[in-house]
Amino acid sequence: MVRRKVVAYGLACVLSAVALWLLPLCELTVRGLLSTSGRGDVPPLPPETEPMPASLWWSRSVFSFVTAMGGLNPSMVLLVLVSLALPLGYCFLRSVNGSFRLTTGVDWDSGLLFRTYLHGWPITKTILVLVTAAPVLIALYGILAWLPLPEVLEAALKAAATGALAWLSLSRNGIAGDLEDGNYLFPSDRGVRRNLLSSGALFGLAVWISLPAFQAVAPVEWLAFWTAIGGVGSHTWTLLAALGALVVGAGAFGIVWLAVVLGPGLHLRCDMRRWAPPAAMLALMGGSAALVWPAVALGRFDYSVPADGPAPARLASLAQSDGATGPPAPRLLLVAGETATRVRIGGDGGPLPAQGAEAARRTEALLVRRGYRSALAAPAMWGLHRAAQVAMDAPEAMRLELLGATRVGDATFSAMLMDRARRWPASAAARRAALALADESQFKCVDPRASLMVGDLLARVGLTARARVLYTRAGVPASRLSERLERVPAVTPSRVEGTLMVDGRPAAGTSVALTDARSAWLSRQERAVGAERPAGWLRGVAATARVSTQGRFVLDDVTPGEYRLLIQRPPHAADGDGQVWRVTAAWDLREPFYVAGRRADMGAIGLEAASPRLPREPSGQALRRR
């Protein structure tokens, strides 16, 4: 009989508890992960018209389930919560007092149930007993709060007192007695009172010990953990929902099992075999959640459970770059005509600054060991990406953007990768990006327009066979594939050469880059006194080369288009606030120059530091003319 009640009540409570847990989880998922605007710490999903990282992709069935559960209006949510909580209360009351029921009799006619007697007397008596016990419980809580007890001991005593009072009040052998009659009798037998109080106290302590397990998988904390260690799509969400439901279901079953066993009040020493298994199960769950889980989260995922985020100490250790706070900001000169404007690259407010070469290698080695499943993955990847941008290394930046999109699951990296690949299709990095975007194991094209976008990119980098596959997937008829390919011709890469001299000497070791003319616009005042730009401004860099000891530089795989010349100033050069750099060049660099053809020679470019000069204020007569 006890085993049957454990199974029946346990399954009912497991289903109700899991449903109660899933409802807020789905609501948080809809608001935080599936929102088009995203959350403060979670970037929004890319639009369906663009390729989406496979780790962020949602299958139709999982998406429909989550949105249906998480999109209920408040009144419906309240109704569902009450409907799911009622079975839990019913099973608990039936476990403690077997006389609790909602029907007092039924009538049968030839094997057919046609009438039930439903009344509220058991419910009324239960409510009256609880109302009577409430002042006693409040008084006990006040006494425990007044005593100078440690916080943990006070919480344990409150849990034990709550359970003991519940058993003494509601048990069949307690004050409530048979809930079908109107008698309220305090147990006169000392042994019965002892058994009821000890059984209730044991139940309260067991539930209190198991609370860390429920807190560990609370929807807010559980979803925050999984989003911190990587992108959440349908596969990851199904996994986290299954693991959380397993913990919640196991805890609910253990609580009901213990309640059924302790219901009539046991002699704990004599009946240890009956209550020990469920109590041990709850204690194991709570102890593992309180002691083992924080250590696993920190050691394997670099996640601090109390802080609900990346471990502050490990994030601080990554921020230390080669014994400093990071590499120095690049000293850049943007060439515009006969002068070069100073451009200072400032910080962009990221959680991790740009790192030096050695620290970058250590950081990426850590991410590889973690399989990129770490709370440090996103901030570390942003730090590495900023370092690549500061170094004007476009191929390395694209490689990190691909890793950030596919392994870290950050949709922002996906958008930046697609933007770079479409702007600079002639580069080898764009070709690798196009192949990755066409790989269904790394990216998903949910909408046909996304497939057309990737197909056009493949055609521009010269991969026409793969472009045909993407066009066919997007619904382009076979008879029009050739026409589509003709509209998107392959880009022929250019090679730009030149010589750079600084103060008449070869600028050996200096970096020379071509940057997009649209993003390199400066105002008149900035051209005179210099400009400051964030590291993201360097996303316009298309190609970078080092100047040789003879002063030669070669920029390969340059996409035809309009550019400006960006030069890294020599470390030994003066850098006053009013420093003016004169430029002599064979090309006319006053306006953005156009690069086309297979080879372009810029000739000799000379930089010479001139005396500082401040911009001249316009005269009053000139102002009046304006």
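Figures for the structure shown
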{"read-out": "Where a residue in the stretch 163-186 is in contact (Cβ under 8 Å) with a residue 12 or more places away in the chain and in a loop (DSSP other than H, G, I, E, B) and its partner, wherever it lies, is among the small types (Gly, Ala, Ser) and buried (at least 17 other Cβ atoms within 10 Å of the Cβ), with Cβ under 7 Å and at least six apart", "value": "SER171/GLY263; SER171/GLY265; ARG172/GLY98; ASN173/GLY265; ILE175/SER169; ALA176/SER169"}
{"read-out": "Subset of the stretch 379-397 [in contact (Cβ under 8 Å) with a residue 40 or more places away in the chain, among the hydrophobic types (A, V, I, L, M, F, W, C) and farther than 16 Å from GLY409 by Cβ]", "value": "ALA387, VAL390, ALA391, MET392, ALA394, ALA397"}
{"read-out": "Residues of the stretch 259-279 classified as within 21 Å of LEU11 (Cβ to Cβ) and either free of Cβ contacts under 8 Å to residues at least 24 places away in the same chain or surrounded by fewer than 21 Cβ atoms within 10 Å (Cβ to Cβ) (or both), total", "value": "3"}
{"read-out": "Members of the stretch 190-244 found to be among the hydroxyl-bearing types (Ser, Thr, Tyr) and within 18 Å of TYR372 (Cα to Cα), listed by number", "value": "THR227, THR236"}
{"read-out": "Among the candidates GLY231, GLY204, GLY244, residue that is open to solvent by less than 70 Å² (accessible area, probe 1.4 Å), touching a residue at least 40 places away in the same chain (Cβ under 8 Å) and part of a loop (DSSP other than H, G, I, E, B)", "value": "GLY231"}
{"read-out": "Selection status of LEU485, over 38 Å from the mean Cα position of the chain (by Cα), aliphatic (A, V, I, L, M) and open to solvent by less than 40 Å² (accessible area, probe 1.4 Å)", "value": "yes"}
{"read-out": "Qualifying residue in the stretch 502-525 (condition: open to solvent by less than 40 Å² (accessible area, probe 1.4 Å), modelled with pLDDT under 90, farther than 17 Å from TYR563 by Cα and in a helix (DSSP H, G or I))", "value": "no"}
{"read-out": "For GLY475: the one exception among (1) exposed (fewer than 15 other Cβ atoms within 10 Å of the Cβ); (2) touching a residue at least 40 places away in the same chain (Cβ under 8 Å)", "value": "(2)"}
{"read-out": "Number of the exception - ASP557 against (1) of a type outside the set (Ser, Thr, Tyr); (2) modelled with pLDDT of 85 or more; (3) open to solvent by less than 10 Å² (accessible area, probe 1.4 Å)", "value": "(3)"}
{"read-out": "Residue match in the stretch 84-100 (condition: surrounded by fewer than 20 Cβ atoms within 10 Å (Cβ to Cβ) and either part of a loop (DSSP other than H, G, I, E, B) or modelled with pLDDT under 85 (or both))", "value": "yes"}
{"read-out": "Residues within the stretch 568-606 that are part of a strand (DSSP E or B) and either under 23 Å from SER519 (Cα atoms) or modelled with pLDDT under 75 (or both), tallied", "value": "12"}
{"read-out": "Yes/no for LEU538 being at pLDDT 90 or above and open to solvent by less than 20 Å² (accessible area, probe 1.4 Å)", "value": "no"}
{"read-out": "Test result for PRO53, closer than 29 Å to LEU34 by Cβ, open to solvent by 60 Å² or more (accessible area, probe 1.4 Å) and either of a type outside the set (S, T, N, Q) or in contact with a Phe, Trp or Tyr (Cβ under 8 Å, 6 or more places away or on another chain) (or both)", "value": "no"}
{"read-out": "Any hit, the stretch 149-171, residues being open to solvent by 70 Å² or more (accessible area, probe 1.4 Å) and over 30 Å from LEU284 (Cβ atoms)", "value": "no"}
{"read-out": "Residue that is surrounded by the most Cβ atoms within 10 Å (Cβ to Cβ) [pool: residues in the stretch 448-458 that are farther than 13 Å from ALA421 by Cβ and touching a residue at least 40 places away in the same chain (Cβ under 8 Å)]", "value": "ALA450"}
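The values are calculated or read from the model by the stated rules, or taken from the named source; none is laboratory data. None of the values given here were measured: they were computed from a predicted structure. Virtual Cβ from ideal backbone geometry, glycine too; neighbours counted across all protein chains shown. When the accessible area is computed, the model is the full protein with side chains, heavy atoms only, and any ligands, DNA or RNA have been set aside. Shrake-Rupley method; radii C 1.70, N 1.55, O 1.52, S 1.80 Å.
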